[in-house]
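Peer 1: Please find one structure pasted underneath; my questions will follow.
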Amino acid sequence: SDFHTMAMPTRKPRNMASKRAMLAREPKLVEGERSSLFMRGTSTSEQINAIVSDLHDLKKPNSTYFHRRNEKRPFEDETSVEFLCQKNEASFFSFASHSKKRPNNLILGRTFDYKIYDMYELGLINIKPTTSFKPGKFPSLMNRPCVLFQGDAFETDLKMARIKNLFLDMFSHNSPGKINLAGIEHAIVLTAQGEKVSFKHYRIDLKKSGGRVPRVECEEIGPSFEFEVRRERTPAPELEKAACRKPKQLVKQGKAKKNTQKNALGETLGRVHMQSQSFDDFQTRKVPGLKRGRDKGVALAEEAEAEAKKARLEAGEEE
């Protein structure tokens, strides 16, 4: 079936409440927090159910969890998943399943304009849900995690770079302008180890260190698992171009700056071209102690003192 037959019909608002709801669905210049939709297939394992529940808790309150089982196959039929994402205003979706051929299977994907942008099928191993760790203080609601990536594969391998972009988009969509050190409560660490990637979740505790910089301690609180990419569906070039297009209102008008680039930390670096300078006529700060005449006077005084000392020694030898 075609996507347009499954899409939500556009209706004329009957009252102000429905009008506000329709306006909230329209595209915005600055996006808010993106919502996620978590689903389960007809056959799942306890381990994959626990991981999906933990990921749902990490995304709260911008998350919806379908406890009922759904007979869907996102890689074979995209329209049903697109319909559910549009109905629940979800930009991300997760579909968990388990079979003999693909045990502990987890599909993570994104949507753009209510169409599937990309999705990745992950095979999970070494699964440790949150309940398997020592119970403790869980991060506060709506506290954004610090997402860290370890391994050169996230920069050199195109597939790993897309995985990195997916998790960054999922857990840290809008980068804050300022960071409060006391507000960093937990961190998600993804480590690339060959074809596998490990996912770990830590709680950050700030202890007293006797100075201005606190002592940082990390305690693993779960979930924790390793995964490898089984299947992937990358975005079409036209859809990727449309998704990455910036609105005209946000594009700065004026001349394009040349010879500038940004490094990995987001800092702007510029290259300045200058003519060769002559240091002979270079104007420096005038300090009385650096005058040439003073240097000659000091040299003459030192010579006079040396001659006087030599004369005293000769007079002592004659006596």
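The values are calculated or read from the model by the stated rules, or taken from the named source; none is laboratory data. Because the structure is predicted, anything quoted here is derived from the model rather than measured. Reconstructed Cβ throughout: ideal geometry from the backbone, glycine too, with neighbour counts over all protein chains shown. Only protein heavy atoms, including side chains, enter the accessible area calculation; ligands, DNA and RNA are left aside. Shrake-Rupley method; radii C 1.70, N 1.55, O 1.52, S 1.80 Å.
Peer 1: Answer yes or no as to whether LYS200 is more than 14 Å from the chain's Cα centre (by Cα), surrounded by fewer than 14 Cβ atoms within 10 Å (Cβ to Cβ), free of Cβ contacts under 8 Å to residues at least 40 places away in the same chain and more than 16 Å from TYR120 (Cβ to Cβ). Don't jump to the end; show me each part of the working.
Peer 2: Details: more than 14 Å from the chain's Cα centre (by Cα): yes; surrounded by fewer than 14 Cβ atoms within 10 Å (Cβ to Cβ): no; free of Cβ contacts under 8 Å to residues at least 40 places away in the same chain: yes; more than 16 Å from TYR120 (Cβ to Cβ): yes.
Spelling it out, it is not the case that LYS200 is more than 14 Å from the chain's Cα centre (by Cα), surrounded by fewer than 14 Cβ atoms within 10 Å (Cβ to Cβ), free of Cβ contacts under 8 Å to residues at least 40 places away in the same chain and more than 16 Å from TYR120 (Cβ to Cβ).
Peer 1: Moving to a separate point now. Tally up the residues in the stretch 209-224 that are on the phi < 0 side of the Ramachandran plot, surrounded by 14 or more Cβ atoms within 10 Å (Cβ to Cβ) and part of a loop (DSSP other than H, G, I, E, B), please. Show your work before the answer.
Peer 2: First pass over the stretch 209-224, keeping only residues on the phi < 0 side of the Ramachandran plot: 209, 211-221, 223-224.
Restricting the remaining residues to those that are surrounded by 14 or more Cβ atoms within 10 Å (Cβ to Cβ) gives 214, 220-221, 223-224.
Filter once more, so that each one left must be part of a loop (DSSP other than H, G, I, E, B): 214, 221, 223.
Adding up the residues that qualify gives 3.
Peer 1: If the Cβ limit is 6 Å and pairs must be 6+ apart or interchain, which residue in the stretch 26-47 that is among the aromatic types (Phe, Trp, Tyr) pairs with which residue that is open to solvent by less than 40 Å² (accessible area, probe 1.4 Å)?
Peer 2: Going by the 6 Å Cβ cut-off, the qualifying pairs are PHE38/VAL52; PHE38/HIS56; PHE38/TYR65; PHE38/SER94.
Peer 1: Just the residues that are in contact with a strand residue (DSSP E or B) (Cβ under 6 Å, 6 or more places away or on another chain) and either assigned to a loop (DSSP other than H, G, I, E, B) or aliphatic (A, V, I, L, M) (or both), please, taken from the stretch 230-255. Give the derivation first.
Peer 2: In the first step, residues of the stretch 230-255 are kept if they are in contact with a strand residue (DSSP E or B) (Cβ under 6 Å, 6 or more places away or on another chain); the result is 230-235, 243.
Passing the criteria: THR234, PRO235, ALA243.
Peer 1: Okay, moving on. How many residues are modelled with pLDDT of 55 or more and surrounded by 12 or more Cβ atoms within 10 Å (Cβ to Cβ) when one looks only at the stretch 1-20?
Peer 2: Residues in the stretch 1-20 being modelled with pLDDT of 55 or more and surrounded by 12 or more Cβ atoms within 10 Å (Cβ to Cβ): 3 in total.
Peer 1: Scan the stretch 80-93 and report the pairs whose first residue is at negative phi and open to solvent by 20 Å² or more (accessible area, probe 1.4 Å) and whose second residue is aliphatic (A, V, I, L, M) and in a strand (DSSP E or B), with Cβ atoms within less than 7 Å and a gap of 6+ or a chain change.
Peer 2: LEU84/LEU37; ASN88/LEU37
Peer 1: Quick one: count up the residues across the stretch 143-179 that are assigned to a helix (DSSP H, G or I) and more than 13 Å from VAL197 (Cβ to Cβ). If you could, list the steps in order and put the result at the bottom.
Peer 2: Within the stretch 143-179, the first condition is being assigned to a helix (DSSP H, G or I), and the residues that meet it are 153-156, 158-171.
Now restrict to residues that are more than 13 Å from VAL197 (Cβ to Cβ): 155-156, 158, 165, 168-171.
Qualifying residue count, the stretch 143-179: 8.
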